[in-house]
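The structure appears right after this line, and notes come after that.
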Amino acid sequence: MQTPFSRNIIVTENLGKSVKTSGGTLHILSDISLQVASGESIAIAGESGSGKSTLISLLAGLDTPTIGSINLNGKSLTSMDEDGRAAMRNQLVGFVFQSFQLLQGLTALENVMLPLELRGDKKAKDAAIGLLQRVGLSERLTHTPRQLSGGEQQRVALARAFVSKPAVLFADEPTGNLDSKTGAKIIDLLFELNQENNTTLILVTHDQTLANRCQRIIKLAAGRMV
Ligand SMILES: Nc1ncnc2c1ncn2[C@@H]1O[C@H](COP(=O)(O)OP(=O)(O)OP(=O)(O)O)[C@@H](O)[C@H]1O
Ligand SMILES: [Mg+2]
């Protein structure tokens, strides 16, 4: 079947991010050049502080690099202003933050419905219930994040990221708060959705089982690909 997305959904050239600190310039990422094929699954590994979260924030258009270029689905993300990047995120990207970032005043169901409602989707509720069922939370629809465990919040965040069928799903430690049984179910779900929708998966993970399921592992050390 013809995919509507570019063959290479992400291309970066010599991407770098540095910040000025009181101790001088800190190079968080340097010389990252990659090509990600549409539908590919990639694990990003590396020690704490090696730049994994920063890298996926850049690729998703949530942060801007100091140097280098990012092309997302054939368009230059690095030439766009914040409004342009927001439109690209809205069209193409699902993101699961390391800290979940669910809206505290909304229920699990409302959190998952939100991305679809923002698009004016009339079937937001059915789609959100469907995904919450798939992450095993049909009994928790009306709980707010504070009434959910860490692993439950993580699963709501995954459902929210997947509900709009993004071309690329970025997830920062998607199994980090889950026991091995729940983790295994979530890993299966990630790859089911990867197959069903040709969703490109870019997953930061320390979980070897998850990394091994991915087609490629990118390892970072001190902000460089090794
Ligand atoms: N805005 C910033 N200002 C200064 N330093 C920063 C900033 N953002 C990130 N860093 C530093 O850059 C490095 C990489 O951070 P990042 O969050 O990408 O690491 P990580 O690989 O995701 O680590 P972890 O596995 O602990 O989540 C860290 O040393 C961090 O302290
Ligand atoms: Mg991180």
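None of the figures in this text is laboratory data; all of them are computed from the coordinates on show. Nothing here was measured: the structure is a model prediction, and the numbers come from that model.
With helices defined as uninterrupted DSSP H runs, which ones in the chain have an alpha carbon span along their own long axis of at least 20 Å and mean Kyte-Doolittle hydropathy of at least -0.5?
The answer, listed by residue number, is 180-197.
For segment 8-225, the relative contact order comes to 30 percent (Cα pairs under 8 Å, sequence separation of at least 6). Helical runs (DSSP H, four residues minimum) scored at -39500 (n - 2.57) apiece and divided by the length of the chain put the mean residue ellipticity at 222 nm at -10500 deg cm²/dmol. Pairs from the list Lys125/Lys165; Lys123/Lys165; Lys75/Lys123; Lys123/Lys185 with a Cα-Cα gap above 20 Å: Lys75/Lys123; Lys123/Lys185.
Considering just Cα atoms, how many Å³ per residue does the convex hull of the chain enclose?
So the per-residue Cα hull volume is 135 Å³.
Oblate is the label for segment 28-86. Its Cα gyration tensor axes, ordered a ≥ b ≥ c, give a/c of at least 1.5 and b/c at or above a/b.
The slack between Ile217 and Asp126, meaning 0.36 nm per residue of separation minus the straight C-alpha distance, is 29.3 nm. Rounded, prolate or oblate: which fits segment 100-193 when a ≥ b ≥ c are the square roots of the eigenvalues of the alpha-carbon gyration tensor, with rounded for a/c under 1.5 and prolate only if a/b beats b/c? Taking the square roots of the gyration eigenvalues as a ≥ b ≥ c, segment 100-193 is oblate.
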